[in-house]
Every structure is written in structure tokens, then in C-alpha cells.
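As C-alpha cells, the structure follows; a few thoughts come after it.
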Amino acid sequence: MGALVDVNVLVALMHARHVHSAPAVRWLARLDDPGALAVCRVSQMGALRILTNPSAMKNDVKNASEFWDGWDQLMEDERFALAGEPAGLQSKWRAITAALPRGKPAETDCYLAAFAIAGRHSLVSFDRGLKRFAGLDLTMPA
């Protein structure tokens, strides 16, 4: 299976002034296989939320139409495909979140790690904290 793209990589690819934009673009340029990159709905929603949030983006905030224009451009690239939830996701997600200690929130990272593991994807992210998930194949663009 291909690589599952994390929210932070989508944001970096969709916003040229993002701190990780250059490494994300370099990493993407090295890929040439059609369908090599899977994007799940949760990553899509996260990118939409961040890119249209003035608290996160300050003067670089996008409106929803600008997001959708960028999204359409990204998805026209044959390397990207929207991925449905893989079989076994629910049990992987439950196991990951059930192991969290009291007071530790079950954030989106848990879902994305479970999605990647269940779907046999690597997870492409700039988040080094994802290394905490056993069995996760993590790719960090450089």
C-alpha cells in the first residue's frame, strides 16, 4: 500500500509559506507512482480546519473556496488518492486509545496511526511524536 498523508504534510503542500513547505515539496518530487499517496477524510478535514483558521494561519489564512481550489489541484495529481477506511481500523484504533493513560486525550494522531497500521500504509508526517505508536511505519519528509 502507499503512504498515508498526515494533516501537517497536506498543509505544507497546500501553503507555500508554511515552515515545512520546502521539504514537503522536495519529498513529493521524489515520488512518481500513481496512487502512491493516500489521503483520508480526517487529514482532509484537518487541513481545511487549519488553513481556514485565522488563529493558526494569521495573515496567510485561506477562505474555504481557496482551500477547495488547492484541494482540487492536489487531487488532480495522479499520485494522490482519497482512501476509505481500511478493514480492521476499528480494532486498531480501539487498542491504541484503550492503552492511553488517564488524562491523555485520544487525539487525531491515534486515528491516523491506527488507519496507517490497519491499511498497511506508512504514515508521512513531520510529527516526531508519532514514533510512540508501536508498529507504525513513519516517514518524515526531508
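No lab work stands behind these numbers, since they all come straight from the coordinates. Since this is a predicted model, take the numbers as computed values, not measurements. Counting neighbours? That spans all protein chains shown, and the Cβs are built from the backbone with ideal geometry, glycine included.
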* Asked: In the P(r) worked out for the chain, what percent of Cα pairs fall beyond 24 Å?
  -> 30
* Asked: Name the GluC sites (Glu not before Pro) in the stretch 1-91 that are in a loop by DSSP and that have at most 14 other C-beta atoms within 10 Å, would you?
  -> E78
* Rank-order 101-108, 55-62 by packing density, defined as the average count of other C-beta atoms within 10 Å over each peptide's residues, highest first. => 55-62, 101-108
* **Among W93, L123, L10 - extreme Cα towards positive end, dipole of the chain, charges at beta-carbon** => W93
* Asked: Where does the chain land at 222 nm, in deg cm²/dmol rounded to the nearest 500, when only DSSP H runs of n ≥ 4 count, each adding -39500 (n - 2.57), divided by all residues?
  -> -13500 deg cm²/dmol
* At a Förster radius of 35 Å, what calculated FRET efficiency corresponds to the Cβ-Cβ distance of M57 and L31, to the nearest 0.05? -> 0.85
* Taking the Cα centre of the chain as the origin, how large is its charge dipole in debye, to the nearest 20, when only Lys and Arg (+1) and Asp and Glu (-1) carry charge on their Cβ atoms? -> 740
* Give me the distance between the Cα centres of the stretch 104-134 and the stretch 18-39, rounded to whole Å. => 18
* To do: List the residues of the stretch 104-120 whose backbone N lies under 12 Å from a point placed 7 Å from the Cα of M45 along the Cα-to-Cβ direction.
  => 108, 111-112
